[in-house]
Number of protein chains: 2
Amino acid sequence: MKLSNFLSIARGDEPADLALRNGRVINVFTGEIVETDVAIAGNHIVGLGADYEAKEELDLGGRYVCPGLIDAHVHIESSMVTPPQFARVVVPRGTTTVITDPHEIANVAGADGIRYMLTASEGLPLTIYVNLPSCVPATHMGTSGANLTAADLIGLADLPRVIGLAEFMNVPGAVLGLPGALEKLVAFQGRVIDGHAPGVSGKWLQAYIGAGPGSDHESTTAEEMLEKLRLGMYVFIREATAAKNLRALVPAVTLQNSRRCAFCTDDRHPADLLDEGHIDHLVRLAVAEGLDPITAIRMATLNAAEWFRLRDRGAIAPGRQADLVIFSNLKDLNAEMVFAGGALVAQDGEAAGDWPIPAVDDSHVRGTVHVEWEHLDFTIPAQGNRVRVIGVVPDQVVTEHLIETVKVVDGIAVADVEKDVLKMAVIERHRGTGNVGLGFVRGLGLKHGALAGSVGHDCHNLVVIGCDDASMLTAARAVSDLGGGLVAASGGEVLGSVPLPIAGLMSDQPVETVRRRMDALVAVAAGLGSALHDPFMAMGFLALEVIPTLKLTDQGLVDVEKFDFVPLFVE
Amino acid sequence: MKLSNFLSIARGDEPADLALRNGRVINVFTGEIVETDVAIAGNHIVGLGADYEAKEELDLGGRYVCPGLIDAHVHIESSMVTPPQFARVVVPRGTTTVITDPHEIANVAGADGIRYMLTASEGLPLTIYVNLPSCVPATHMGTSGANLTAADLIGLADLPRVIGLAEFMNVPGAVLGLPGALEKLVAFQGRVIDGHAPGVSGKWLQAYIGAGPGSDHESTTAEEMLEKLRLGMYVFIREATAAKNLRALVPAVTLQNSRRCAFCTDDRHPADLLDEGHIDHLVRLAVAEGLDPITAIRMATLNAAEWFRLRDRGAIAPGRQADLVIFSNLKDLNAEMVFAGGALVAQDGEAAGDWPIPAVDDSHVRGTVHVEWEHLDFTIPAQGNRVRVIGVVPDQVVTEHLIETVKVVDGIAVADVEKDVLKMAVIERHRGTGNVGLGFVRGLGLKHGALAGSVGHDCHNLVVIGCDDASMLTAARAVSDLGGGLVAASGGEVLGSVPLPIAGLMSDQPVETVRRRMDALVAVAAGLGSALHDPFMAMGFLALEVIPTLKLTDQGLVDVEKFDFVPLFVE
């Protein structure tokens, strides 16, 4: 709509397209609830107040109206579906804007992966902004399918819907001013740079902030969050499938410090999105934890918009995008209607109206599993009987660094099901290098069989955990045969799978299909003994060498605090 | 300082340049007061906390430390001194950043005037940002010395220290979408656009906001302020020499709505700057009115920085500019030390250290008074005996639109000293057109003589008010002879003057000199009968045809609400 047309409607000379009558509008600027109408013209809000004529009217009957919700940081790939399918899940729950970091697909397919995510999200009712993956690969200690330099990133920075730089995970690179890291930070000076500094504090945190990153979503304690807020960081409170931080952090949010708090989901599996919800779930949880509902809604809207400099959204005011959520209960934000760009796009939890399906050539992001199977060997010759074991922490992406006595049979270290010490392998799958990292893990709880997947943050090599080598090999080969996916196997038999043909990360099926297959697969894993809510999500983070404490990549075992490889066997 | 050097200091490998020990730091992010040190390297803050080594140390003994204060909107010209002299007054009071709108000098000298203000403020301890004058001339109803088009403005927009577009006074132009106005607003889309909408509300305000302007500093009532805040505007609470709004507005500021409130001084004369102060005065006043001191400081720092997208200042955090104010009493912010860019630049109310004096060629902005005296005539032939009279409202820039019976002598309408109805003339002084606007004014209180000045917002034509034509002519000619200035005269005698040779707006003398002469001149005016605190400031706004209600330009009497000329005589 031309500005001159917009103005003639705003000043009342022509009727608006739509008037939402009798709403209770959440005013995120003043923290008030205002009984008023909202008038819309084209994609935008023209004005508030009862005196706008409109071509179409809708009586809200006193229901609440808040701005469309914003997810400040999400890897859409973790939903295991494509952007249009992701939108079909989150928009009916009130989310109208996400800032996605496509660093999963970028680790597999580089700039092609990023361009795929942009193309596949064109024209959706969900506005998908991209923050560019800053650390592909995350470190030199894992092998990814691509390497994005500062020049590569700047080459993408001016594409439509690209904002800035996503979670800058290379903390030592930033703090120590290492050339590769510094080059990226300097290149993005003046743009939004999101941080990623789990557990970093004191001088290191101050140096990190001074280097450029201005937000963080890795706080796990109130103390950590408060230190970051005090130093000027925006804090995104995360409630993911694997990492749940909201209950630990919300009690420390105050009216005084909340203006720099927002919400993010980071990584959520389909079942959690469908059953619990998206940002609406975080708002509900926060309110249940005692946060003032208006403060929670501000965090989910205006605050995120301010950090990302999205001045056209995040509030209900003249000239802003008409992204709106209609709901009835302030203490239980359940979207009854969702408007995006002025159109009703969801009602009663279901998509409404015609949604465009972007036409995408995805050939560049298929067929991405390339493993050299011939010499593959999971054998671990014993070099003593004390080993480092990765300790899974339920509902967290951090792990423990355990030292355990390993079971040795004929000079070979093997899984010890009794003690829940399972074998883990990370198989390089991008370039066929033949790299395999081997180690042990506690916390999966399998009694027999193996799990494998092509989702292994951030390099997304094949991660395999099992009770015996044969099961592990069956599972790993099945993933490869699918062109990527998640598999459970026992002996020579594949017991269940979820194919993820797009970059080995995403399905090409509707989210409900993926969810059913995933539920079935998790049930199979439970049958094998797994006690975790979502063992594949947990497994997917055990190869992530930037999250403490002990992780395994295709190149070996990493002590994240030392930021270096450590031997499996302890002397 | 190179980022790599900064980082080595931030992480503690090398000592900082300066550590301020034992401060009580106002944390504007969280609203807390934190007992800590502040470490500085070069121009920037490197970190907080007690464990930074430093080459130099200063024990603050528990005194408060807050970020350098920010004036969100000021016409430096109104201080009647040049930018370096202005800095010498405001920096010792804690102001380290101002956003100036050089629209006074731009109305006289166009882009040359703007460039002069930028050049004359290079390298000062006060960072002077320029928001470009959006409305030069303010309307078609006054004659200015220059006309700045959208193209002229965009041509200046990328100069260093230029932010965006200043107070968009052409409200009808914006709301009605008139071509010249729309062109400017569209050209500056995506940049900061400050608004100026006194008394505008309802649909017109919504259309105005939708057209682009996102801030306003013209609220005079709490109700007006709240409507603007609710619609997403930033509100700058103003306390100027002529327009004092703080006491009316501060009671409506809450912790909830304060994040979009800031402070501005707009126009302050030297005596007020020297006697009361600058933004520190507004903070003190606000606190005296009951505002929480930390909220007041946030408004004076972070909030303004956020609106103007000045992410390098407005808070005490790693990487931000080391602009700091040290003071002892939270309820009475009196700067004891001021640091700008890490250097001690003021102590105990006086400038400290060596300040650079920018070398400026000011020849383009001198000799700007060009009046055609030959045919000048202040005679008002009576066309009835009922006239419109401009009613001065003490301490406000708005006026009343009065209807009075005028004194008529021999068919000529003349000043009526008994009834305080004085004659007013506005003489075009840029192009020698011979334009003279004539009218009447109440509220100056002169019993004899006349006042004249080359400061007459915004066109800055000669404004003359007096009891008789002879005194008026003497005063006006004296202003011209000075090349610009303020004058009081009686009969043929000049009784006092302040020369303002730079654009007819600013002195080339130190502020103390200007203040002394100004005090003397105001005393002379008082001797002539003026009862106003600062009659020249009041007089300077009587020609401003964008502020309600009745104003006089060189082209005639303007009814601002009708946005059109009206006849002097009422039928």
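The values are calculated or read from the model by the stated rules, or taken from the named source; none is laboratory data. In this text, all values refer to a predicted model and were calculated from it rather than measured experimentally. When we count neighbours, we look across all protein chains shown, and the Cβ atoms used for this are built from the backbone with ideal geometry, even at glycine. Just the protein is used for accessible areas: all its heavy atoms, side chains included, with ligands, DNA and RNA removed. Shrake-Rupley method; radii C 1.70, N 1.55, O 1.52, S 1.80 Å.
Has segment B:304-311 got any residue that is crowded, with 19+ Cβ neighbours inside 10 Å and over 23 Å from the mean Cα position of the chain (by Cα)? There is no residue in segment B:304-311 that is crowded, with 19+ Cβ neighbours inside 10 Å and over 23 Å from the mean Cα position of the chain (by Cα). Would you say A:ALA543 is assigned to a loop (DSSP other than H, G, I, E, B), touching a residue at least 40 places away in the same chain (Cβ under 8 Å) and surrounded by fewer than 17 Cβ atoms within 10 Å (Cβ to Cβ)? The answer is no for A:ALA543. Scanning segment A:8-21 for residues that are at the interface with another protein chain (Cβ under 9 Å from one of its Cβ atoms), open to solvent by less than 20 Å² (accessible area, probe 1.4 Å) and either under 39 Å from the mean Cα position of the chain (by Cα) or among the small types (Gly, Ala, Ser) (or both) turns up A:SER8, A:ALA10.
Restricted to segment B:391-406, and to residues there that are of a type in the set (D, E, K, R) and under 26 Å from B:THR379 (Cβ atoms), the residue that is farthest from the chain's Cα centre (by Cα) is B:GLU404.
Within segment A:285-301, is there a residue that is polar (S, T, N, Q) and open to solvent by less than 20 Å² (accessible area, probe 1.4 Å)? Spell out how you get there, then give the answer.
The first filter runs over segment A:285-301 and keeps only residues polar (S, T, N, Q), leaving A:295, A:301.
Now drop any that are not open to solvent by less than 20 Å² (accessible area, probe 1.4 Å), which leaves A:295, A:301.
Scanning segment A:285-301 turns up at least one residue that is polar (S, T, N, Q) and open to solvent by less than 20 Å² (accessible area, probe 1.4 Å).
Yes/no matrix, rows are residues, columns are (1) in contact (Cβ under 8 Å) with a residue 40 or more places away in the chain; (2) not aromatic (Phe, Trp, Tyr):
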| position | (1), (2) |
| --- | --- |
| A:HIS281 | yes, yes |
| A:ALA286 | yes, yes |
| A:ALA296 | no, yes |
| A:MET299 | yes, yes |
| A:ALA304 | yes, yes |
| A:TRP307 | yes, no |
| A:SER328 | yes, yes |
| A:MET337 | no, yes |
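Which of the residues belonging to segment A:223-260 are of a type in the set (A, V, I, L, M) and in contact with a Cys (Cβ under 7 Å, 6 or more places away or on another chain)? Listed by number, the residues that qualify are A:VAL235, A:ILE237, A:VAL253.
Of all residues in segment A:175-186, those being more than 12 Å from chain B (Cβ to nearest Cβ) and either part of a strand (DSSP E or B) or more than 12 Å from A:CYS135 (Cα to Cα) (or both) number 0. Exactly one residue out of B:LEU159, B:LEU132, B:LEU182 is in contact (Cβ under 8 Å) with a residue 12 or more places away in the chain and open to solvent by less than 10 Å² (accessible area, probe 1.4 Å), and it is B:LEU132. Restricting attention to segment A:243-263, the residues that are touching a helix residue (DSSP H, G or I) at 6+ places or on another chain (Cβ under 8 Å) and open to solvent by less than 10 Å² (accessible area, probe 1.4 Å) total 8.
Residues to consider are A:GLY319, A:GLY314; find the one that is outside any helix (DSSP H, G or I), within 14 Å of chain B (Cβ to nearest Cβ) and open to solvent by 20 Å² or more (accessible area, probe 1.4 Å). Let's see the steps before the verdict.
Details: A:GLY314 fails: open to solvent by 20 Å² or more (accessible area, probe 1.4 Å).
Only one candidate qualifies: A:GLY319.
Cβ-Cβ distances below 9 Å connect the following pairs, each with a first residue in segment A:556-571 that is surrounded by 14 or more Cβ atoms within 10 Å (Cβ to Cβ), a second residue that is of a type in the set (Ser, Thr, Tyr), and a separation of six or more residues or different chains: A:VAL558/A:THR139; A:ASP559/A:THR549; A:VAL560/A:THR399; A:VAL560/A:THR549; A:PHE563/A:THR139; A:PHE565/A:THR553.
So which residues in segment B:187-208 are open to solvent by 20 Å² or more (accessible area, probe 1.4 Å), touching a residue at least 24 places away in the same chain (Cβ under 8 Å) and either part of a helix (DSSP H, G or I) or at the interface with chain A (Cβ under 8 Å from one of its Cβ atoms) (or both), if there are any at all? Of everything in segment B:187-208, those that are open to solvent by 20 Å² or more (accessible area, probe 1.4 Å), touching a residue at least 24 places away in the same chain (Cβ under 8 Å) and either part of a helix (DSSP H, G or I) or at the interface with chain A (Cβ under 8 Å from one of its Cβ atoms) (or both) turn out to be B:ALA187, B:TRP204.
Pairing each residue of segment B:50-76 that is more than 19 Å from B:LEU333 (Cα to Cα) and within 14 Å of another protein chain (Cβ to nearest Cβ) with any residue that is part of a loop (DSSP other than H, G, I, E, B) and open to solvent by 10 Å² or more (accessible area, probe 1.4 Å), provided the two are 6+ apart or on different chains, yields C-beta distances under 6 Å for B:GLU53/B:PRO15; B:ALA54/B:PRO15.
Which of the residues that make up segment B:84-113 are open to solvent by 10 Å² or more (accessible area, probe 1.4 Å), under 21 Å from B:ALA166 (Cα atoms) and in contact with a Leu (Cβ under 8 Å, 6 or more places away or on another chain)?
Within segment B:84-113, the first condition is being open to solvent by 10 Å² or more (accessible area, probe 1.4 Å), and the residues that meet it are B:84-85, B:88, B:93, B:108-109, B:111-112.
Filter once more, keeping what is under 21 Å from B:ALA166 (Cα atoms): B:108-109, B:111-112.
Result: B:VAL108, B:ALA111.
When the strands (runs of 3 or more DSSP E) confined to segment B:38-124 are screened for residues that are in contact with a helix residue (DSSP H, G or I) (Cβ under 8 Å, 6 or more places away or on another chain) and under 21 Å from A:ARG230 (Cα atoms), those reaching at least 3 such residues are found at B:44-48.
Run down B:ARG442, B:ARG515, B:ARG429 and say which single residue is among the basic types (Lys, Arg), open to solvent by less than 10 Å² (accessible area, probe 1.4 Å) and under 26 Å from the mean Cα position of the chain (by Cα).
On the way: B:ARG442 fails: open to solvent by less than 10 Å² (accessible area, probe 1.4 Å); B:ARG515 fails: open to solvent by less than 10 Å² (accessible area, probe 1.4 Å).
That would be B:ARG429, the only listed residue that is among the basic types (Lys, Arg), open to solvent by less than 10 Å² (accessible area, probe 1.4 Å) and under 26 Å from the mean Cα position of the chain (by Cα).
Can you pull out every residue in segment A:322-341 that is away from chain B (no Cβ under 14 Å) and assigned to a loop (DSSP other than H, G, I, E, B)? Steps first, please.
Let us first name the residues in segment A:322-341 that are away from chain B (no Cβ under 14 Å), namely A:323-341.
Matches in segment A:322-341: A:ASP323, A:SER328, A:ASN329, A:LEU330, A:LYS331, A:ASP332, A:LEU333, A:ASN334, A:ALA335, A:GLU336, A:GLY341.
On the stretch given as segment B:245-290, residues that are polar (S, T, N, Q) and away from chain A (no Cβ under 14 Å) total 2.
Taking segment B:209-236 on its own, how many of its residues are assigned to a loop (DSSP other than H, G, I, E, B), within 9 Å of chain A (Cβ to nearest Cβ) and open to solvent by 20 Å² or more (accessible area, probe 1.4 Å)?
Going through segment B:209-236, the residues assigned to a loop (DSSP other than H, G, I, E, B) turn out to be B:212-214, B:217-221, B:231-233.
Narrowing the set further to residues that are within 9 Å of chain A (Cβ to nearest Cβ) leaves B:212, B:214, B:231-233.
Those left that are additionally open to solvent by 20 Å² or more (accessible area, probe 1.4 Å): B:212.
Number of matching residues: 1.
Would you confirm whether or not segment A:422-435 contains a residue that is closer than 26 Å to A:VAL371 by Cβ, acidic (Asp, Glu) and out of contact with any helix residue (DSSP H, G or I) (no Cβ under 8 Å at 6 or more places or on another chain)? The answer is yes; a qualifying residue exists.
One residue alone among A:ILE357, A:ILE390 is in contact with a strand residue (DSSP E or B) (Cβ under 6 Å, 6 or more places away or on another chain) and in contact (Cβ under 8 Å) with a residue 12 or more places away in the chain, and that residue is A:ILE390.
Quick check: anything in segment A:153-174 outside any strand (DSSP E or B), among the small types (Gly, Ala, Ser) and within 11 Å of chain B (Cβ to nearest Cβ)?
Within segment A:153-174, the first condition is being outside any strand (DSSP E or B), and the residues that meet it are A:153-161, A:169-174.
Pick out the ones that are also among the small types (Gly, Ala, Ser) and you get A:155, A:157, A:173-174.
Those left that are additionally within 11 Å of chain B (Cβ to nearest Cβ): A:173-174.
Looking through segment A:153-174, at least one residue is outside any strand (DSSP E or B), among the small types (Gly, Ala, Ser) and within 11 Å of chain B (Cβ to nearest Cβ).
Number of residues in segment A:367-387 that are surrounded by 17 or more Cβ atoms within 10 Å (Cβ to Cβ) and either assigned to a strand (DSSP E or B) or free of Cβ contacts under 8 Å to residues at least 24 places away in the same chain (or both) equals 1.
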